[in-house]
Amino acid sequence: MELISIVVPTYNEAATIPVLARRLAAALGVRPWELIVVDDGSPDGTADVASALAPALPVRVVRRPGKLGLASAVVDGFAAAKGETLVVMDADLSHPPEVVPLLVDALAHGSDLAVGSRYVPGGGTIDWPLRRRVVSRVACLMGNALVPVRDATSGFFALRRPVVEGVHLNPIGFKIGFEVIARGRYAKATEVPYVFRDRAAGSSKFGSREILSYAVQLVQVARDRATGKLRR
């Protein structure tokens, strides 16, 4: 069985990382896996909490000197990962670890990219404020014009390493999933339904800066598509 590398960017997620790791262990069972925690200098000691989980659990920590951003954390996590199967998810338990095997299975059945989707039958959201739901739907509708995935802003996905190998991903903002879907090299993408639940602890990092960064991503992808730099 192939090693599954699960990349999780963190900033002040000390309360949820142990729970996430234990749920991943239960969900993945005998499959070989590793959890790559990429921490941006969390003052709550997230990196130390994660490091303490090893060797009981296959956790490795990439420590970064400050708050450099979610997207670049994922790119650094890809570089540190040992597996050919890569998974990206949030640390706050809004992405259920129990869905990770379903994403990996989609790759085993012929997909190059498997996206956890809130917007296909069987998917949905729970405990999310109305403003966030509206912003998410509008953001996805805008992204749908550029990528072949309904949940264009999903941050929960799995891929084979060649999808991003040698591909320049623009690591701005939060929407690394959109970058991978737009720029990655894949023949087949599958959406796997899941139910998003608002974070279990801590505070959201979402704000106006993230909205602006996504708008910049949209413009850049549209420009690159129009000039022939991106082809699907």
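The values are calculated or read from the model by the stated rules, or taken from the named source; none is laboratory data. This is a predicted model, so every value here is computed, not measured. Note: ideal-geometry Cβ built from the backbone for every residue, glycine included; neighbour counts use all protein chains shown.
Of everything in the stretch 52-111, what is of a type in the set (S, T, N, Q) and assigned to a helix (DSSP H, G or I)? Give them in sequence order.
The one that is of a type in the set (S, T, N, Q) and assigned to a helix (DSSP H, G or I): 72.
From the residues in the stretch 90-111 that are of a type in the set (Asp, Glu) and in contact with a Gly (Cβ under 8 Å, 6 or more places away or on another chain), which one is surrounded by the fewest Cβ atoms within 10 Å (Cβ to Cβ)?
Here is the first cut: in the stretch 90-111, the ones of a type in the set (Asp, Glu) are 90, 92, 98, 105.
Okay, now just the ones that are also in contact with a Gly (Cβ under 8 Å, 6 or more places away or on another chain), so 90, 92.
Details: 90: 20, 92: 23.
Only one residue tops the list, namely 90.
Given the residues 193, 171, 162, which is the only one that is surrounded by fewer than 19 Cβ atoms within 10 Å (Cβ to Cβ), modelled with pLDDT of 95 or more and under 16 Å from the mean Cα position of the chain (by Cα)? Quick ask: steps written out before the conclusion?
Values: 171 fails: modelled with pLDDT of 95 or more; 162 fails: under 16 Å from the mean Cα position of the chain (by Cα).
Just a single option satisfies the conditions, and that option is 193.
Restricting attention to the stretch 140-170, report how many residues are in contact with a Leu (Cβ under 9 Å, 6 or more places away or on another chain) and hydrophobic (A, V, I, L, M, F, W, C). Step through it out loud before you land on a result.
At the first step, the residues of the stretch 140-170 found to be in contact with a Leu (Cβ under 9 Å, 6 or more places away or on another chain) are 142-143, 145-146, 149, 152, 155-161, 163-164.
Now restrict to residues that are hydrophobic (A, V, I, L, M, F, W, C): 142, 145-146, 149, 152, 156-159, 163-164.
The qualifying residues number 11.
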Taking the stretch 49-99 as the region of interest, how many residues are without any contact (Cβ under 8 Å) to a residue 12 or more places away in the chain and over 17 Å from the mean Cα position of the chain (by Cα)? 5
Report, by residue number, each residue of the stretch 33-51 that is exposed (fewer than 14 other Cβ atoms within 10 Å of the Cβ), not in a helix (DSSP H, G or I) and not small (Gly, Ala, Ser). 43
Could you run through the stretch 52-74 and say how many residues are buried (at least 20 other Cβ atoms within 10 Å of the Cβ) and closer than 19 Å to residue 179 by Cα? 5
